[in-house]
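A short worksheet on the structure shown next.
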Amino acid sequence: MSSALPEIDWETLNPQIDEIIEEFRGQPSALIEVLHRIQEIVGFLPRDVQIKIAEGLGVAQSEVYSVSSFYSHFSFKPKGKYKVCLCMGTACYVKGAPEILTALEKHMGVEAGDTTDDGMYSLESVRCLGACGLGPVMTINNEAHGLLKPDKALQSVKKCCKE
């Protein structure tokens, strides 16, 4: 990652993280809730935060990692200003999602699962966005764009991101 990504203000975030953990201290069943809430304020789940969560809830660090790596919503790396998610579910896949992914990767200069060095874009390929009738479909910061071809997908990115 380049230094163009915004610095994280841990002095401000640590008390908020501690407050969330304290609310659920000793409650292993609250793991997903805690992960969601902390990722919402930090933007991702760095390793030291995962360790803090494990200690606070009384679960193994491996369990925190296992749960946070299983669900595609959670991330171990900072996300870009524009989060582009392309559906690779069966309906989208057979309608051309792989070609769209290739075009997006070339345009952004990153592979799926990564963030551009300038922190502008994160590109994700996901299993399903639940809009099969609009396939191929992608979201840009949770706004759906459907019935895509590679050129239309790139136009959507340029329009939303005002390149």
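The values are calculated or read from the model by the stated rules, or taken from the named source; none is laboratory data. Predicted model, so just to flag it, every value in this text is computed and none were measured. Here the Cβ is made from the backbone with ideal geometry for all residues, glycine too, and neighbour counts use every protein chain on show. Side chains are part of the model used for accessible areas, which takes the heavy atoms of the whole protein and leaves out ligands, DNA and RNA. Shrake-Rupley method; radii C 1.70, N 1.55, O 1.52, S 1.80 Å.
Remarks
- The fraction of accessible area contributed by carbon and sulfur in segment 1-114 is 51 percent, rounded to a whole number (1.4 Å probe; ligands and nucleic acids excluded).
- Within the chain, percent of DSSP bridges classed antiparallel, to nearest 5: 55 percent
- Long-range lysine pairs (8 or more apart or interchain), segment 90-163, Cα under 19 Å: 10
- Checking Cβ-Cβ separations below 4.7 Å across the chain identifies C85, C128, C132, C160, C161 as cysteines lacking any candidate disulfide partner.
- Over the chain, dividing the summed -39,500 (n - 2.57) contributions of all DSSP H runs of at least 4 residues by the number of residues returns a 222 nm mean residue ellipticity of -14000 deg cm²/dmol.
- Across segment 118-132, coupling constants 3J(HN,Hα) worked out from phi with the 6.51/-1.76/1.60 Karplus curve, θ = phi - 60°, read 7, x, 7, 10, 10, 10, 10, 10, 10, 5, 6, 9, x, 10, 4 Hz, and Gly and Pro carry x.
- Protection-proxy order for peptides 92-104, 13-25, 142-154, each taking the mean of Cβ atoms within 10 Å per residue, highest first: 92-104, 142-154, 13-25
- Identified option (computed volume of the Cα convex hull per residue in Å³; candidates (1) 100; (2) 116; (3) 174): (2)
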